[in-house]
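Comments concern the structure below.
What follows is calculated from the coordinates using simple rules that are stated; it is not laboratory data. These numbers come from a predicted model, not from an experiment. Cβ: placed from backbone, ideal geometry, glycine included. Neighbour counts: every protein chain shown.
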Amino acid sequence: MLNQDDIAAIVEDYDRMKLRIGMTASHSALDICDGGIEEGFRTVAYCQKGREKTYSQYFRTQRSRSGRVKRGMVDKAIVLDKFSDVLIPEFQQGMRDRNIVYIPNRSFTSYCGISEIENNFRVPMFGSRNMLRMEERTEEQDYYWILDKAGLPYPEAIADPQDIDCLVIVKLHHAEKKLERGFFTCASYEEYIEKSQILINSGVIDEASLAGARIERYVIGPVFNLNFFYSPLEEEMPKLELLGVDWRFESSLDGHVRLPAPQQMTMPADQAIPEMTVVGHNTATIRESLLEEAFSLGEKFIEASKEHYDPGIIGPFCLQTCIDKDMNYSIYDVAPRLGGGTNVHVSVGHPYGNATWRQTMSSGRRIALELRRAAEQDRLLEVLT
């Protein structure tokens, strides 16, 4: 793991008044770029060949002679053969020469690999480099581990599929779409065997992933992704902010629920089990009487992160929750970085973030604001790792 002395030596050579914001051009890159532009930064999107036009053409910036942005949000799109080429040492030197601060998102960790990011990505990152590994469910210290340490609520695990006695969700990776989910639900061991076999035969999951899958009780209720921000720099107001909330559109699940039940019952086996591939997001708010508990979840997560992942969470993190009929939260996933649904707040901001800051405040803009404050106060090493 690169230590803070390594990062300090790199930041020492940076011109802190000419920082550029860089990111992997996928996932939440548009939110990061839009927020960077709003706070006066130049933005650099690192694209993969064949997936670059969103950034290099359609959302590229147009600036006036004075440098004012007239259109777009991506100042420079650098096209790579593959996303992981940012790990090439010579390429990283070029990033450092340009004073790049990298904002990690899920695509960055998925395409580049956690070990490489921890040990070999010698570019300052905004956020908690040492917490990214906990997102992997195959790790011993995964996000369930820290949720347990924090005393936070999460769905009960079922160790043996033969013990299934209620509705459960089986969590594992998709066999063909490596970055997607092969999740399925069932309510008995017999249904588990039946559905898993259908999914194996159709290539959605494989035996190896099924053997290592997590089975947990299914919490029936709406899902809310709580997009938090923790500021190490704030000294007068609360350090924790709830910027906003989003929820997901999943395919083919959302298509299934739009069909009448009799029609669903006539579907062939290869269509009857929905997949849960995230294809979009929408914004949401939460009943006001539930907000204080949401903040409590965030505070407990922060305290546990400080205890077990010094110096703890920095900047954005997302607790993905479900609220049951008795208005109890369950956390079913954690993102120790910028969440995947924040693009719904590009340009218009998060509802709660806007109210907190009395201006449009998306997650991307909040990151850029914190980075600018850190640069102005000569406190970059409190937010960069």
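Add -39500 (n - 2.57) for each DSSP H run of 4 or more in the chain, then divide by its residues: what number comes out at 222 nm, to the nearest 500 deg cm²/dmol?
Details: 14 runs with 120 residues, N = 385.
Helix-only estimate at 222 nm: -8500 deg cm²/dmol.
Between E307 and K82, the simple label model (points 7 Å from Cα in the Cβ direction) yields a spacing of 4.1 nm.
Sequence gap at least 6, Cα distance under 8 Å: using those rules, report the relative contact order of the range 4-127 to the nearest whole percent. Can you show the working numbers first?
Working: 198 pairs, mean separation 37.2, N = 124.
Relative contact order here is 30 percent.
Starting from the Cα-Cα distance between S202 and Y58, subtract it from 0.36 nm times their residue separation and give me the gain in nm to one decimal.
On the way: separation 144, 0.36 × 144 = 51.84 nm, distance 3.68 nm.
The S202-Y58 span can extend by a further 48.2 nm.
Placing unit charges on the Cβ atoms of the charged side chains and taking the dipole of the chain about its Cα centre, the candidate lying farthest along the positive direction among M1, V346, L380 is V346.
Applied to the range 39-53, the Karplus parametrisation 6.51 cos²θ - 1.76 cosθ + 1.60 on θ = phi - 60° returns per-residue 3J(HN,Hα) values of 9, x, 9, 7, 10, 10, 9, 9, 9, 9, 3, x, 10, 9, 5 Hz, with x for Gly and Pro. Using alpha-carbon positions, what is the distance between the centroids of the range 176-234 and the range 352-380, in Å? The range 176-234 and the range 352-380 have Cα centres separated by 34 Å. Computed over the alpha-carbon pairs of the range 204-304, the distance histogram in 5 Å steps reads 2, 9, 13, 16, 15, 15, 11, 8, 6, 3, 2, 1, 0 percent, short to long. The listed peptides 68-74, 327-333, 362-368, ordered by packing as a protection proxy, come out as 362-368, 327-333, 68-74 (highest mean of other Cβ atoms within 10 Å first).
In terms of the mean number of neighbouring beta-carbon atoms within 10 Å, the peptides 120-132, 46-58 order highest first as 120-132, 46-58.
Quick one: of the DSSP bridges fully inside the chain, what percent are antiparallel, nearest 5? The partial results should precede the final answer.
Numbers: 40 of 55 bridges.
Among the beta bridges of the chain, antiparallel pairing accounts for roughly 75 percent.
Write down Rg/Rh for the range 4-127, rounded to two decimals, with Rg from the C-alpha atoms and Rh from the Kirkwood relation over Cα pairs.
Details: Rg = 14.0 Å, Rh = 14.7 Å.
The Rg/Rh ratio comes out at 0.95.
Applying the Karplus relation 6.51 cos²θ - 1.76 cosθ + 1.60 with θ = phi - 60° to the range 176-181 yields 3J(HN,Hα) values of 9, 8, 4, 9, 10, 9 Hz, where x marks Gly and Pro.
What does the charge add up to near L80, with Lys and Arg as +1, Asp and Glu as -1, over the other residues with Cβ less than 14 Å from its Cβ? It would help to have the intermediate numbers written out before the result.
On the way: positive: K49, R51, K76, K82; negative: E52, D81, D85, E90.
Neighbourhood net charge equals 0.
Can you say what percent of the DSSP beta bridges in the range 4-127, counting only those with both residues inside, are antiparallel? Round to 5. Please report the intermediate quantities before stating the final value.
Details: 2 of 17 bridges.
Bridges in the range 4-127 are about 10 percent antiparallel.
For the chain, modelled as a GNM whose springs connect Cα atoms under 10 angstrom apart, the maximal fluctuation among K82, K325, K18 occurs at K325. The modelled label-to-label distance between D6 and T185, using points 7 Å beyond Cα along the C-beta direction, is 4.4 nm.
Restricting the calculation to alpha carbons of the range 110-203 gives Rg and Dmax of 16.9, 50 angstrom. For the chain, the alpha carbon positions stretch 65, 45, 38 Å along the principal axes, listed from largest to smallest.
Footprinting exposure proxy ranking of E376, E293, E250, E235, fewest other C-beta atoms within 10 angstrom first, gives E235, E376, E293, E250.
Going by C-beta contacts inside 10 Å, put K177, K300 in order with the fewest on the left. Let's see the in-between values first.
On the way: K177 12, K300 17.
In order of increasing Cβ crowding within 10 Å: K177, K300.
Placing +1 on the Cβ of every Lys and Arg and -1 on the Cβ of every Asp and Glu, with no other charges, gives the chain a dipole of roughly 2200 debye about its Cα centre.
With only Cα atoms counted, the range 161-217 has Rg and Dmax values of 10.5, 30 Å.
Give me the number: length gained by fully extending R98 to I193, i.e. 0.36 nm times residue separation minus the C-alpha to C-alpha distance, one decimal in nm. If you can, show how the numbers build up before the last one.
Values: separation 95, 0.36 × 95 = 34.20 nm, distance 5.43 nm.
That pair, R98 and I193, stretches by 28.8 nm at full extension.
The phi-based Karplus calculation (6.51 cos²θ - 1.76 cosθ + 1.60; θ = phi - 60°) puts the 3J(HN,Hα) values of the range 338-354 at 4, x, x, x, 6, 5, 5, 10, 4, 6, 8, x, 7, x, 6, x, 4 Hz, whole numbers, x for Gly and Pro.
Sorting the segments 30-41, 279-290 by their mean number of nearby beta carbons within 10 angstrom, highest to lowest, gives 30-41, 279-290.
The fewest-to-most ranking of S252, S115, S66 by surrounding Cβ atoms within 10 Å reads S66, S115, S252. Normalised by the number of residues in the chain, the mean separation of alpha-carbon contacts (under 8 Å, six or more apart) gives a relative contact order of 21 percent.
Amide hydrogen proximity for R337: with H placed 1.01 Å from N in the peptide plane, the residues at 5 or more positions away or on another chain lying under 5 Å are C318.
Taking the Cβ of H345 as the centre, find all other residues whose Cβ is under 11 Å away and add up their charges (Lys, Arg: +1; Asp, Glu: -1).
Details: positive: R365, R366; negative: D31, D34, D246.
Net local charge, H345 excluded: -1.
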